[in-house]
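Participant: Once you've had a glance at the structure underneath, I'll fire off some questions.
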Amino acid sequence: MAKILIAEDEPDIRNLITLTLRHAGHEVATADDGQAAYERAREVGPALIILDVKMPRMNGYEACKRIKADPALKDVPVVFLTVRGADREVQEGFEAGAAEYLVKPFAPAELIQRVARLLAPPKAP
């Protein structure tokens, strides 16, 4: 299916997301902070990126802004998957360039559904 990059600093959550997406047939690359996420995105060319917000070295909002400012990555959809669910935090995620914003705890089926929707080819008019 698709190559997806996951940036999550909590190993157990990163593993859960990885297993969920691999079970759905995706290839997964990982990073454990925002800076590494940007660097890995440039390296692997993912079809989609999943970011946590609170990470060391560079938070998810900043990583998303850098990704969206990079001509090679600007069209890659970004999904925030985070415990930060206050209205202003969600707004900040969308302002940074996110296509989706999910709040933890999350249902694996919902994650798979949203990822599938973002990766689906556009429907013809």
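Participant: Pairs of alpha-carbon atoms within less than 8 angstrom and 6+ residues apart define the contacts here; what relative contact order does segment 3-119 have, in percent?
Facilitator: Numbers: 206 pairs, mean separation 27.1, N = 117.
Contact order relative to length: 23 percent.
Participant: Kirkwood hydrodynamic radius (Cα pairs, Å) of the chain? Present the calculation step by step, with values, prior to reporting the outcome.
Facilitator: Numbers: mean 1/r = 0.0705 Å⁻¹.
By the Kirkwood definition, the hydrodynamic radius is 14.2 Å.
Participant: Efficiency by 1/(1 + (r/R0)^6): what FRET value for Ala120 and Ala86, r their Cβ-Cβ distance, R0 = 35 Å, to the nearest 0.05? All intermediate terms of the calculation are to be shown ahead of the outcome.
Facilitator: Numbers: r = 30 Å, r/R0 = 0.85.
Between Ala120 and Ala86 the formula returns 0.75.
Participant: Additional query: DSSP loop trypsin sites (Lys or Arg not before Pro) in segment 1-100 with at most 12 other Cβ atoms within 10 Å of their Cβ, which ones? Write out the running numbers ahead of the final one.
Facilitator: On the way: sites: Lys3, Arg14, Arg22, Arg40, Arg42, Lys54, Arg57, Lys65, Arg66, Lys68, Lys74, Arg84, Arg88; in loops: Lys54, Arg57, Lys74, Arg84.
Hits after loop and neighbour filter: Lys74.
Taken together, the values in this text are just the output of simple stated rules run on the coordinates, not laboratory data. Note that the structure is predicted; figures quoted are calculated from it, not measured. We place every Cβ from the backbone using ideal geometry, glycine too, and count neighbours over all the protein chains shown.
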